[in-house]
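These notes concern the structure reproduced below.
Coordinate-derived values only; no laboratory data. Everything quoted here is computed from the prediction, not taken from an experiment. When we count neighbours, we look across all protein chains shown, and the Cβ atoms used for this are built from the backbone with ideal geometry, even at glycine.
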Amino acid sequence: MTEPPKHPRKAGHGEDSIYWDKTKGRYVGAVSVGYTPTGQRKRAKVTGKTKTEVRSKLRDRKRELEAGLKASATYTVENAVLDWLAQGLKGKDDSSVATYRSLAENHVIPDLGKAKLRDLSADALDYWLEDKATVLATSSLQMVLSILRRSITHAQRRDKVLRNVAELVEAPEGRPGRPSKSLTLEQAKAVLSAQKGTWVHAYVVVSLLVGIRTEEVRPLTWDRVHLAPPAGTAPHVEVWRSVRRRGETKTRASRRTLAVPRQLVAVLLAHRETQQRRRETLGLTWYEDGYVFGTDSGKERSAFTVRRSFRALLEAAGFSHPEEWTPRELRHSFVSLLSDHGIPLEVIARVVGHSGTQTTEAVYRKQIRPVITEGAEAMDAIFGESDTTEN
């Protein structure tokens, strides 16, 4: 950089001053922010590599003063994100909070945390997002940007910064996400035969033969499972709850009552008896409204525990790479198997809780076949009662 003139024009009365600081190797700009009780002028300073950069920062500082902001020159992106994590997620489910915190601590704070919030620029964020796009899938990239936007909005509401610079940028396309897979009929039969008598076997049978979401299976309680209903009513489960903290389901169509295949009735009866005996042995009370797949202490199992146990079951079923599968793909398999068996798309969408057929067709269904039959009866026809029940 060419060093500036040694005798720049002196600022006039009331003007902002911009000067070269040789010790810092940067331009310094100063703006009046009022007077001390003794009558001495107070001036706020900004620095930059060029006069243009300094003038821009001075304009921002003036806008902050006019808006009555008390923005601190030391308030960082990390401060903003941590404040939002602590105060801005009230009412969110624990798993959602954990996801936000993980993304913030692994991507936002390490990369941008030390930056002064009021000095953050759109150009810097564009460079950052382009770099993250090489390692994150598009959905994760969008969530990371959302965390930053919401953190800065939280700071704005507390007069920490004038504008939300993260609103000026868009997330680019990230790495392609791993496409979901569906079990073949032979794979599904192997899965349904593995580790019989265990809680994870019962969990897999429910997921694969009823097709409810992983966040609907884990919190399922026994009072929502009706294995011996009054005459004229088929055995069924009430899916009235999802992962939302207040208990609402994902969509209105998600609130549904589903008949269960006959073979699943036998599996759940055996699982309930085993669970009751287990809790009795441990000196614990069994509750009618307890979790169907809860821990020995009666708590809801975590997604991590379910995923780990599911992959152990796949290994027992002869899968060579169980780590490549997740429990949510049981739901994908449910849709594909029904479609392969000829169930109408509209019926499948209603059973899995979609408000229309678009998601069912675009995301879940892996095969397309002509229309034949529907519902729980189809699963009995597909697998037969000998595949999941004890010998």
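What to note about this one:
- The Cα atoms of segment 77-168 give a gyration tensor whose axes a ≥ b ≥ c have a/c of 1.5 or more with a/b no greater than b/c, which makes the shape oblate.
- Couplings 3J(HN,Hα) of segment 81-94, computed from phi: 5, 5, 5, 5, 4, 7, 10, x, 10, 5, x, 7, 5, 4 Hz, in residue order, whole Hz [Karplus 6.51 cos²θ - 1.76 cosθ + 1.60, θ = phi - 60°; x for Gly and Pro].
- Label point at T134 placed 7 Å out along Cα→Cβ; residues across segment 97-118 whose backbone nitrogen lies under 20 Å: 106-113
- Among F319, F293, F334, a tally of other beta-carbon atoms within 10 Å of each Cβ gives an order, fewest to most, of F319, F293, F334.
- Pairs from the table (K90/K116; K62/K92; K45/K132; K51/K160) lying more than 31 angstrom apart at Cα are K62/K92; K45/K132.
- Summarising the label geometry, the points placed 7 Å from Cα in the beta-carbon direction at K45 and K24 lie 0.5 nm from one another.
- Sorting K299, K189 by the number of Cβ atoms found within 10 Å of their own Cβ, with the fewest placed first, yields K299, K189.
- Spacing of the modelled spin labels on R277 and D83, each 7 Å from Cα toward Cβ, amounts to 5.9 nm.
- Theoretical gain in end-to-end length, S96 to S297 [0.36 nm per residue, Cα-Cα removed]: 70.0 nm
- Residue-wise HN-Hα couplings along segment 107-124, as the Karplus relation 6.51 cos²θ - 1.76 cosθ + 1.60 with θ = phi - 60° gives them from phi, are 10, 7, 5, x, 8, 10, x, 7, 5, 5, 4, 6, 9, 5, 10, 5, 4, 4 Hz; Gly and Pro carry x.
- Sorted by Cβ density within 10 Å, fewest first, the residues D223, D83: D223, D83
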